[in-house]
1. Any idea what % of Cα-Cα pairs in the chain are farther than 23 Å?
2. Compare the Cα positions of Thr83, Leu69, Pro30 along the charge dipole of the stretch 4-93 (+1 at Cβ of Lys, Arg; -1 at Cβ of Asp, Glu; about the Cα centre) and return the one farthest towards the positive end.
3. Calculated from DSSP H runs of 4 or more alone, at -39500 (n - 2.57) each and per residue, what is the 222 nm mean residue ellipticity of the chain, nearest 500?
4. So, with +1 on the Cβ of K and R and -1 on the Cβ of D and E, and no other charges, what is the size of the charge dipole of the chain about its Cα centre, to the nearest 20 debye?
5. Calculate how many DSSP beta bridges within the chain are antiparallel, expressed in % of all such bridges and rounded to the nearest 5.
Amino acid sequence: RTDTDKWLKAIQSEIESLRNNKTWDLVEIPNNVNIVSCKWVFAIKNNESGEPTRYKARLVARGFTQEYLQDYDETFAPVARMTTLRFILALANQ
């Protein structure tokens, strides 16, 4: 491929970003746990003319391999209730 060097640069950039943000720690693997694997996701960002401007590589966790009560026991999604949203909009309207 002619764009191999651009993809390798994108991968290097992602790994450097993960290291700089201290994304992970190396630890001993406890017994009876699932290891969450990861995979690379690649995307090309184009300009208005459709020409490639950026090659983006992301390393993503495959969280669907986790098992409830073995690998985690609670989840959280920051979702506002409709009453809270109405209250904030009413305050903003004053």
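1. Looking at the chain, the distances longer than 23 Å represent 57 percent of pairs.
2. The residue sitting farthest along the positive end of the dipole is Thr83.
3. -10000 deg cm²/dmol
4. With Lys and Arg at +1 and Asp and Glu at -1, about 420 debye.
5. Beta bridges within the chain, antiparallel portion: roughly 90 percent.
Computed from the coordinates by the stated procedures, all read-outs in this text should not be read as laboratory data. This one's a predicted model, so the numbers in the text were calculated from it and none came from an experiment. For neighbour counting, all protein chains shown are included, and Cβ atoms are generated from backbone atoms with ideal geometry for every residue, glycine included.
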